[in-house]
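Undergrad: My questions all concern the structure below.
What follows is calculated from the coordinates using simple rules that are stated; it is not laboratory data. Please read these numbers as outputs of a predicted model, since none were measured by experiment. Cβ placement follows ideal geometry from the backbone for every residue including glycine, while neighbour counts extend to all protein chains displayed.
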Amino acid sequence: MARRIRSVGILALVSLIALFALTPLAGAAPRAAETKTVTIKDFEFAPKELTINVGDTVKWENDGPSTHSATSTNGVFDSGAIAAGEDFSFTFTTAGTFNYACKFHDIMQGTITVGAAAPAPAAAPAAQPTVAVDAGDQPVVDGAITVASVTAGQDGWIAAHLDENGAPGKVLGQTAVKTGDNKDVKIKLSEDVPVGGKLWPMLHIDAGTIGTYEFPGADVPVKDAAGNIVMKQITVTAAGGAPAAEAKDAVEVDNQAIKNNSITIEEVYASKDGWIVAHLDENGAPGKVLGHTAVKAGESKDVVITLSEGVPVGGKLWPMLHIDAGTIGTYEFPGADVPVKDAAGNIVMKQITVTAAPAGLPKTGGEDNSLALIFSALVLLIAGGLLMRRMRRV
């Protein structure tokens with residue numbers, strides 16, 4: 001009897017061990033594909049770096065006012081123009097690292113890392129080399145600027161980006177730098193920058209074809225340990241003088257009636273050539289464009305904007321200053337001609353209300369009034385004649 005009980009116990013123990021061993025296999029199900037979102041706002045992809053698995057989909061959502069794109073540097077995907085409020089999705093079917101950029105604003109960069117399986121535990125990060133750029137405000141001398149000091153963690157480039165609406169824009173020139181400290185590095189500029197204009201000397205890696213500058217492409221900007229791009233903004237000064245006073249962008253306009261299907265902007269101050277644009281108010285914020293007029297750098301007075309449609313009395317408009325950054329002389333928004341921002345990062349604009357046109361003055365002359373006078377004179381003449389006839393009889 002005891003032997004039978006022992007045999008049953010051993011059999012139950014073996015069955016239990018087998019059950020625990022097979023449970024993970026029975027419960028393991030294929031991983032479902034996921035959709036990850038990248039937000040486009042304030043000239044930035046967020047997050048800039050994203051890790052996914054094969055089969056996952058990335059969705060880019062444009063939450064900003066300007067048109068952008070998500071375009072891979074190796075031609076794997078291209079969203080085309082993503083207008084404000086629109087999105088673009090792409091499913092990754094192969095593992096690898098995919099760098100991409102906005103083809104309208106090449107400073108906007110991102111990376112999608114696609115893994116074939118669940119990532120292994122991350123190793124301890126390697127020590128981050130010191131990287132830095134030091135440059136001061138200066139005049140352009142012989143078509144070049146000088147960066148006082150560049151400290152690079154690897155061979156790369158120091159590139160001069162033109163300031164566009166307060167952020168680094170197109171590249172005007174670049175010079176190769178070596179690992180370590182580099183002093184008094186000159187960058188030859190491809191075009192003139194006026195006094196008061198701004199540049200962003202920025203450190204890039206040399207990761208594609210070594211010795212060939214490739215950006216947009218493999219030679220992306222360098223980031224420090226905190227994830228910030230290694231760069232510094234400088235102002236172009238007058239030769240031998242103090243920095244020029246910074247131009248102030250502003251729009252001055254009051255509530256007004258629409259005249260000849262147009263509104264008039266009293267004063268526009270622009271730091272560069274651009275556009276004054278009439279946006280229709282939509283739920284308390286600027287909406288679609290009803291008209292635009294070109295303005296020159298400096299002060300412009302009594303600028304008339306012809307509207308493409310009527311706006312009722314009590315309706316609201318937003319006259320707004322835009323740059324002219326794409327095809328010069330052609331208004332491109334959504335597109336390159338984005339709104340101008342002031343030093344505090346606010347869009348230069350002002351809301352106005354459409355008022356009623358002044359009422360017309362009463363008539364003081366004309367054909368109707370002349371007839372009335374003639375009629376009154378005839379009545380008086382007849383009355384006078386009757387009165388005289390009566391007096392004679394008396």
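Undergrad: Using the basic label-point model (7 angstrom from Cα toward the beta carbon), what is the residue 181 to residue 250 distance in nanometres?
TA: So the label points at residue 181 and residue 250 sit 4.6 nm apart.
Undergrad: While we're looking at this one, here's another question. Choose one of 207, 293, 276: the residue whose Cα lies farthest towards the positive end of the charge dipole of the stretch 178-307 (beta-carbon charges +1 Lys, Arg; -1 Asp, Glu; about the Cα centre).
TA: Of the listed residues, the answer is 207.
Undergrad: Let me ask something additional. Expressed in nm to one decimal, what extension gain is obtained for the pair residue 59 and residue 332 from 0.36 nm per residue of sequence separation less their Cα-Cα distance?
TA: Residue separation times 0.36 nm, minus the Cα-Cα distance, leaves 95.7 nm.
Undergrad: Stokes-Einstein D for the stretch 250-353 at 10 °C, 1.306 mPa s, Kirkwood Rh over Cα pairs, in µm²/s?
TA: 117 µm²/s
Undergrad: Please work out the FRET efficiency for the pair residue 78 and residue 214, using the Cβ-Cβ distance as r and a Förster radius of 25 Å; give the result to the nearest 0.05.
TA: According to the calculation, E is roughly 0.90.
Undergrad: Among 215, 77, what is the fewest-to-most ranking by other Cβ atoms within 10 Å?
TA: With the sparsest Cβ surroundings first, the list reads 77, 215.
Undergrad: Label-point separation (nm) for residue 378 and residue 313, each offset 7 Å from Cα along Cα-to-Cβ?
TA: Each label point is offset 7 Å from its Cα along the Cβ direction, giving 4.0 nm.
Undergrad: Residues in the stretch 211-240 near a label at residue 188, defined as backbone nitrogen under 15 Å from the 7 Å Cα→Cβ point?
TA: Residues 213 fall inside that zone.
Undergrad: For a quick check: sort 181, 56 by the number of other beta carbons within 10 angstrom, fewest at the front.
TA: Result, fewest neighbours first: 181, 56.
Undergrad: Something else now. Based on Cβ point charges of +1 for Lys and Arg and -1 for Asp and Glu, what charge dipole magnitude is obtained for the stretch 35-115 about its Cα centre, in debye rounded to the nearest 20?
TA: 160 debye
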